[in-house]
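One structure below.
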Amino acid sequence: MVIPVFNEERDLEPSVRRLHTHLRETFPYSFRITIADNASTDSTPQVAARLADELPEAQWLRLTEKGRGRALRTAWSQSPAPILAYMDVDLSTELTALLPLVAPLLSGHSDIAIGTRLAPGSRVVRGPKREITSRCYNALLRSVLAVRFSDAQCGFKAVRRDVAERLLPLIQDSEWFFDTELLVIAERAGLRIHEVPVDWVDDPDTRVDILATALADLRGIARISGALARGTLPPAWPLRDGGAAPGGITTQLLRLTAVGAVGTLMYLLLYTMLRPVVGSQAANALSLLICAVSNTVVNRQPTFGLLSRAGVLRHRCGGLFVLLIHLAITGGSLVVLHHAMPSTGQAAELAVLLTAILAATLLRFALFRARVFRI
C-alpha cells in the first residue's frame, strides 16, 4: 500500500498509524506500507523516517521530484508484492473497503480494482464544488474517450503486479492524470476493471490545486484523444486476448481494406442479383446487412487482433450500428442520383454506390477503432 505525500507533516503520522492498526487487526494477508515522499520541503521526511523505524511493516521512499504518478510508478516498480495499491494520506476512503478492493485481484477475477464515489451504494460527503468538478470530469471522459469506468480520480486503487509491469512503461503522465491514463490504456487493452463503491469523506484541508489539476487533466484528455485519433496510443495489445498484435494504424487499415475489397465484390454481386427483384433501396439494404455481419466477424481477428469470444455480442451490435451509417450514406447517394437522373440505369447506380462505399470505408475504420473494437 503506497501513500504518496507532499508536505503532510501534520496528517502523515496519525493516518499511517491508523492504517497500520487496521491492517494488523483486520486484514487477513501480509502487507507493507510504503510512504512515497514527493520532494516535501517541511518535516514530512523526518516523520516518514521515524514511522519506518517504528513500524515493522512500514518503509519510506524519498523522491527528489514532485508528482503523484511519479511516486506510484517508482514505488510499484520496486515492490515484489503480488498486489500493488495506493490510497491518499487523508484516508478519505473508509478502510473497510480495503479487503473488497484487493479480493478480486487475489482471486484472479479482475486485473485492476478502483474505488468509486459515483456508483450506486457509495456514500460521499464533500462540498458542491468538488462534487460538480468530479462528475463533470468523469462525464467528459465517457463522452470523449468512451470509457466505461465511473470514477477515474478516486485515490483508492489496486493492480496486480504482473499487469502493472506491462502497463507502467506505457503511461506518460507522472502527475494527477496518471490514474486516468492507466485506466484508459487498461480498458482498451481488454483488462478487467473491478469497481468498489466506497464511503468517502472529503478532506477540507486538501493540498490539491483544483484549477491547476483540472487544466492538467484537460491537457491529458486532449493528448489521449489525439493519440486515439492518430492510432498512436501505446500498444497495450499483448494484454488483450493473448493473441497476435493487431499492428499499427497503417497495418490495420490495409487489412481492413483487403477484407473490405472482398466484401465490396460480394455486395455488388448481391445488389446486382436483388435489384431487379426488390428495387434499388431494398437491394442495397439487404446486401449491406449480409456483408456487414460477415465484415465485422472477419475483422475481429486479422485486423484488430481479438481472438477470444469476449465481447462478441457487443462487437456485432456495434457492427450493426456502423451498418446503419453505411446504409444512410449509400441509400442517400441513390436518392440523390435518382433525383438528379430519374431514368438512370443500373450501371450508374453501381458506380455511385461504389464511390459511396469507398467514402464510408474510412468512416467505418474510425468507428471500428474508437467504438466497436476500442483499439
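The values are calculated or read from the model by the stated rules, or taken from the named source; none is laboratory data. Fair warning: this is a prediction, and the values are worked out from it, not measured in the lab. Glycine also receives a Cβ, built like all others from the backbone with ideal geometry; neighbour counts cover every protein chain displayed. The area values use the complete protein model at the heavy-atom level, side chains included, leaving out ligands, DNA and RNA. Shrake-Rupley method; radii C 1.70, N 1.55, O 1.52, S 1.80 Å.
With semi-axes defined as the square roots of five times the eigenvalues of the C-alpha gyration tensor, the equivalent ellipsoid of segment 98-141 measures 26, 13, 7 Å, largest first. Extension gain, Thr64 to Ala347, is 94.7 nm, computed as 0.36 nm per intervening residue step minus the present C-alpha separation. Legend: Rg and Dmax of segment 118-223, from Cα coordinates, 13.9, 39 Å. Here's how it looks for Ile83: its modeled amide H is under 5 Å from those of Arg161, which are all 5 or more places away or on a different chain. Compared with the direct C-alpha span, the chain from Val336 to Val262 gains 24.0 nm at full extension, assuming 0.36 nm per residue. Per-residue Karplus couplings for segment 334-347, computed as 6.51 cos²θ - 1.76 cosθ + 1.60 with θ equal to phi - 60°, are listed in order as 5, 4, 5, 4, 5, 6, 6, 9, x, 9, 5, x, 5, 5 Hz, Gly and Pro entered as x. With only Cα atoms counted, segment 1-122 has Rg and Dmax values of 14.3, 42 Å.
Accessible surface calculations at 1.4 Å, restricted to protein heavy atoms, place segment 1-132 at 46 Å² per residue.
Figure the gain on full extension for Thr41 and Leu170 (residue separation times 0.36 nm, minus the Cα-Cα span) and round it to one decimal in nm.
Roughly 43.4 nm would be gained on extension.
The peptide list 47-54, 215-222, put in order of mean Cβ contacts within 10 Å with the highest first, becomes 47-54, 215-222.
For segment 152-166, backbone phi angles converted through the Karplus equation (6.51, -1.76, 1.60; θ = phi - 60°) give residue-by-residue couplings of 7, 9, 4, x, 6, 9, 8, 8, 5, 4, 5, 6, 4, 4, 8 Hz, Gly and Pro being listed as x. Note on exposure: Thr272, Thr64, Thr264, Thr232 ranked by accessible area (1.4 Å probe, complete protein assembly) read Thr64, Thr232, Thr272, Thr264, with the most exposed listed first.
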